[in-house]
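**Q** Pasting a structure below so you can have a look.
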Amino acid sequence: MKINTKTTMGIWLGILPALLIYTVFAILPILQSFYYSLMKWNGISEMTFVGLDNFVELLKDPDFWNSVKNNILVVLASVFGQVPIALLIAILLNRKLKGSRLFRTIGFLPVVLSTVVISITWNLVYNSKYGLINEFLRSIGLDFLTQNWLGDPDLALYSVLVVIVWQFVGLYLIIFLAALQNIPNEVLESAKIDGASEWVTTWKITIPMIWDTILVAIVLCISGSLKTFDLILQKMFEEDLVTIIEKLGLDHEETNDWLIERALEYIRQFYREPIKASEVANVVNISANYFSTIFRQKTGKTFNEYVNLLRVNEARKLLSETSLRVGVIANNVGFHEYKYFVEVFKKFTGMTPTEYRNLYNRELGG
């Protein structure tokens, strides 16, 4: 069948909005990520092109290969956990059991829950002190089986895998139910008339007839498993950055030095903007109060004093090297109130901006 030009244009017009959205939110981020992978960049300072050095370093990193192993475990657990369980439950619910609609709803509910809700719920289940699992084991006299399910490195991944399987079984359950309901009743009835048992009917007729759907589910399962990150990330964010860095082997002082160094890089880049201590604290992922405390310890100044000193030093440079009006200079270095600029400038230099410029000009002329 030939498709005329008008039909072709209609097809392209129909596809174009989805194609644009996919390009903006999928293709471009992938290209941008590849561009960043060729750079040396900490997210704050200037980027430096390093070519494939990041990839070479990555292949030498044991943490990378450990993450590959963990990803393979997640994929295997998902494929051999979610798909068979979902298929078994779908076959049972397809037999028109009493209350099957309720069971379908319960089975699909984890799919629509947010990651935060799931994380909080399963943290209560796994909690080593008062979690559901350990409390149940204690209640039946099996205290020796209680574990720190999320704190033990040998158990943490497998504990998370249980949650991943539980979360997405409902998705494949609905897919398989839809496929099972499309099998003609005549085929199944013919098998029963011929004396086929339930097992033979399921294995020889039902599964082959929905095999294409099973393959699609496996592909979806693999692709989804490779993107499993949110549950693990949610668990990581329950500990603040200081604790995580300390676990990597840095002591308390080294941790604080690293945090303040990163904060100072950010401040030097954005001090001309109306930045606040809470904003910089968010950048280094610690509380504002803790940031203010260690900032003063490490720099000998409060956050505002440090930022104002940077601004005043820049203002002194502009006053001595340019003929810009004082009000323009104040605005350029981050002071949006002229009176406050003069007050701060005098505090650090002992004179007003105009007096400083006149003194500099006299010294230069003399």
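**Q** If the Cβ limit is 7 Å and pairs must be 6+ apart or interchain, which residue in segment 318-333 that is touching a residue at least 60 places away in the same chain (Cβ under 8 Å) and aliphatic (A, V, I, L, M) pairs with which residue that is in a loop (DSSP other than H, G, I, E, B) and surrounded by 15 or more Cβ atoms within 10 Å (Cβ to Cβ)?
**A** Note: pairs meeting the criteria are Val333/Arg272.
**Q** Considering only segment 339-346, I want to know if a residue exists there that is within 15 Å of Leu264 (Cα to Cα), modelled with pLDDT of 90 or more and either open to solvent by less than 70 Å² (accessible area, probe 1.4 Å) or in contact with a Pro (Cβ under 7 Å, 6 or more places away or on another chain) (or both).
**A** No, there is no match, as no residue in segment 339-346 is within 15 Å of Leu264 (Cα to Cα), modelled with pLDDT of 90 or more and either open to solvent by less than 70 Å² (accessible area, probe 1.4 Å) or in contact with a Pro (Cβ under 7 Å, 6 or more places away or on another chain) (or both).
**Q** Have a look at Ser33, Ser100 and point out the one that is open to solvent by less than 90 Å² (accessible area, probe 1.4 Å), within 30 Å of Ile205 (Cβ to Cβ) and without any contact (Cβ under 8 Å) to a residue 24 or more places away in the chain.
**A** Ser100
**Q** Please count how many residues of segment 193-238 are at pLDDT below 75, in a loop (DSSP other than H, G, I, E, B) and either open to solvent by less than 60 Å² (accessible area, probe 1.4 Å) or touching an Asp or Glu at 6+ places or on another chain (Cβ under 7 Å) (or both).
**A** 1
**Q** Does Gly107 count as modelled with pLDDT under 80 and either open to solvent by 50 Å² or more (accessible area, probe 1.4 Å) or under 23 Å from the mean Cα position of the chain (by Cα) (or both)?
**A** no
**Q** Something else: If I ask for residues that are of a type in the set (D, E, K, R) and assigned to a helix (DSSP H, G or I), which ones from segment 44-76 would you list?
**A** Asp53, Glu57, Lys60, Asp63, Lys69
**Q** Take segment 180-192 and flag every residue that is closer than 22 Å to Arg104 by Cα, open to solvent by less than 60 Å² (accessible area, probe 1.4 Å) and without any contact (Cβ under 8 Å) to a residue 60 or more places away in the chain.
**A** Result: Ile183, Pro184.
**Q** Determine which member of the set Ser128, Ser114, Ser119, Ser67 is among the hydroxyl-bearing types (Ser, Thr, Tyr), touching a Leu at 6+ places or on another chain (Cβ under 7 Å) and at pLDDT below 85. Write out each step before concluding.
**A** Working: Ser128 fails: touching a Leu at 6+ places or on another chain (Cβ under 7 Å); Ser114 fails: touching a Leu at 6+ places or on another chain (Cβ under 7 Å); Ser67 fails: touching a Leu at 6+ places or on another chain (Cβ under 7 Å).
Exactly one residue qualifies, and that residue is Ser119.
**Q** Tell me which of these Tyr36 doesn't satisfy, since it passes every other one: (1) within 29 Å of Val284 (Cβ to Cβ); (2) in contact with a helix residue (DSSP H, G or I) (Cβ under 8 Å, 6 or more places away or on another chain).
**A** Every condition holds for Tyr36 apart from (2).
**Q** Within segment 246-344, which helices (runs of 4 or more DSSP H) (wholly inside it) include 1 or more residues that are over 26 Å from Tyr360 (Cα atoms) and of a type in the set (Asp, Glu)?
**A** 252-270, 277-283
The values are calculated or read from the model by the stated rules, or taken from the named source; none is laboratory data. Just so we're clear, the structure is a prediction, and the values are computed from it rather than from any experiment. A quick note on method: Cβ atoms are made from the backbone with ideal geometry, for glycine too, and the neighbour counts reach across all protein chains shown. To get the accessible areas, we keep the full protein, side chains included, count just its heavy atoms, and leave off ligands, DNA and RNA. Shrake-Rupley method; radii C 1.70, N 1.55, O 1.52, S 1.80 Å.
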